[in-house]
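*Asks:* Quick one: the structure is below, and I'll ask about it shortly.
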Amino acid sequence: MTLKDIARRAGTSVPTMHRYEGGWERFSVGTLRKIANALDAELEIRLLPQGKTTQHGRTVVYVSNDEL
């Protein structure tokens, strides 16, 4: 599937999809839900202790309750 296909299915724009694909940190949970639905995927949001990295070696990004 192309970004254009996913954007169309999620009801968002290709530039938005490109930002999310590139690791954009100012995400919207609502948009993430739409993207997950477009991909027939389940959205999982995890809260991890600060200063930790994931099992894949990626740094955990933290957001405030307001951003969620």
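*Asks:* Which ones in the stretch 28-41 are open to solvent by 70 Å² or more (accessible area, probe 1.4 Å) and not in a helix (DSSP H, G or I)?
*Replies:* Answer for the stretch 28-41, where residues must be open to solvent by 70 Å² or more (accessible area, probe 1.4 Å) and not in a helix (DSSP H, G or I): LEU39, ASP40.
*Asks:* Let me ask something else about it. Scan the stretch 12-27 for residues that are surrounded by 14 or more Cβ atoms within 10 Å (Cβ to Cβ), within 9 Å of the chain's Cα centre (by Cα) and outside any helix (DSSP H, G or I) and jot them down.
*Replies:* Within the stretch 12-27, PHE27 is the sole residue that qualifies.
The values are calculated or read from the model by the stated rules, or taken from the named source; none is laboratory data. These numbers were taken from a predicted model, which means no experiment stands behind them. Because the Cβ atoms are built from the backbone with ideal geometry, glycine has one as well, and the counts that use them run over all protein chains shown. When the accessible area is computed, the model is the full protein with side chains, heavy atoms only, and any ligands, DNA or RNA have been set aside. Shrake-Rupley method; radii C 1.70, N 1.55, O 1.52, S 1.80 Å.
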